[in-house]
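To start, the structure itself, in structure tokens.
The values are calculated or read from the model by the stated rules, or taken from the named source; none is laboratory data. No experiment lies behind these values; they were computed from the predicted model shown. Virtual Cβ from ideal backbone geometry, glycine too; neighbours counted across all protein chains shown.
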Amino acid sequence: MDPEAVLEDCTVDVGAEAYAVVTTDSETAVSDAFATIRDRNETTHVVREERLDAIETLEEKRGWALLTFDAVLPFELVGFLAVVATALAERDVSIFALSAYSTDHVLVQRDDVAEALDALEELGCESRRL
């Protein structure tokens, strides 16, 4: 399976909300986080910025936009995020990548959304603002 062929038929949903990537102590529960990642060193949450007042964070990085690839990506698909990350890196767009069971998401700084969408459109993606 060719990741570039998948991208040619893919729509990228651009979330309207601003997101933050934060770390908390391991005891802090964030029930409505978009994503929570716990490893042996830290707990990271991706949350809507409007929720930050209700969360005691250790560190936070604000100003992210969520881009979701509206496609079911099979586990056999190799290199999908590599193609996306390379296209965005060539435009100096930093990403925070997340994979769900059937699709991928990338967070980009809100100031970089237009540049990111231009890069993804060159790969054949259409974009849809939510």
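Listed conditions (1) touching a helix residue (DSSP H, G or I) at 6+ places or on another chain (Cβ under 9 Å); (2) surrounded by 13 or more Cβ atoms within 10 Å (Cβ to Cβ) are all met by residue 110, apart from (1). With the condition kept exactly as written, say whether any residue in region 31-48 is exposed (fewer than 11 other Cβ atoms within 10 Å of the Cβ), of a type in the set (A, V, I, L, M) and out of contact with any Pro (no Cβ under 8 Å at 6 or more places or on another chain). So far as region 31-48 goes, no, none of its residues is exposed (fewer than 11 other Cβ atoms within 10 Å of the Cβ), of a type in the set (A, V, I, L, M) and out of contact with any Pro (no Cβ under 8 Å at 6 or more places or on another chain). For residue 23, are the conditions met, namely being in a strand (DSSP E or B), over 30 Å from residue 124 (Cβ atoms) and free of Cβ contacts under 8 Å to residues at least 12 places away in the same chain? Taking the combined requirement at face value, the residue does not satisfy it.
Note on region 54-75: residues that are over 20 Å from residue 104 (Cα atoms) and either basic (Lys, Arg) or in contact with a Lys or Arg (Cβ under 7 Å, 6 or more places away or on another chain) (or both) total 2. Across region 7-38, the qualifying residues are those that are over 25 Å from residue 71 (Cβ atoms) and polar (S, T, N, Q), and the one among them that is nearest to the chain's Cα centre (by Cα) is 23.
Taking residue 59, is it loosely packed, with under 13 Cβ neighbours inside 10 Å and at pLDDT 95 or above? Yes. Scanning region 62-77 for residues being surrounded by 12 or more Cβ atoms within 10 Å (Cβ to Cβ) and either on the phi < 0 side of the Ramachandran plot or in contact with a Ser or Thr (Cβ under 6 Å, 6 or more places away or on another chain) (or both) gives a total of 11.
Are any residues in region 108-130 touching a residue at least 12 places away in the same chain (Cβ under 8 Å) and in a helix (DSSP H, G or I), and if so, which ones?
Matches in region 108-130: 110, 111, 112, 113, 115, 116, 117, 118, 119, 120, 122.
Take the residues in region 85-105 that are in contact with a helix residue (DSSP H, G or I) (Cβ under 7 Å, 6 or more places away or on another chain) and β-branched (Val, Ile, Thr); name whichever of them is farthest from residue 45 (Cα to Cα). Of everything passing the filter in region 85-105, 93 is farthest from residue 45 (Cα to Cα). The residue that is nearest to residue 116 (Cα to Cα), among those in region 40-77 that are part of a strand (DSSP E or B) and touching a Cys at 6+ places or on another chain (Cβ under 8 Å), is 69.
In region 78-107, what residues are assigned to a loop (DSSP other than H, G, I, E, B), out of contact with any Asp or Glu (no Cβ under 9 Å at 6 or more places or on another chain) and either surrounded by 13 or more Cβ atoms within 10 Å (Cβ to Cβ) or not aromatic (Phe, Trp, Tyr) (or both)? Residues satisfying the conditions are 78, 90, 100, 102.
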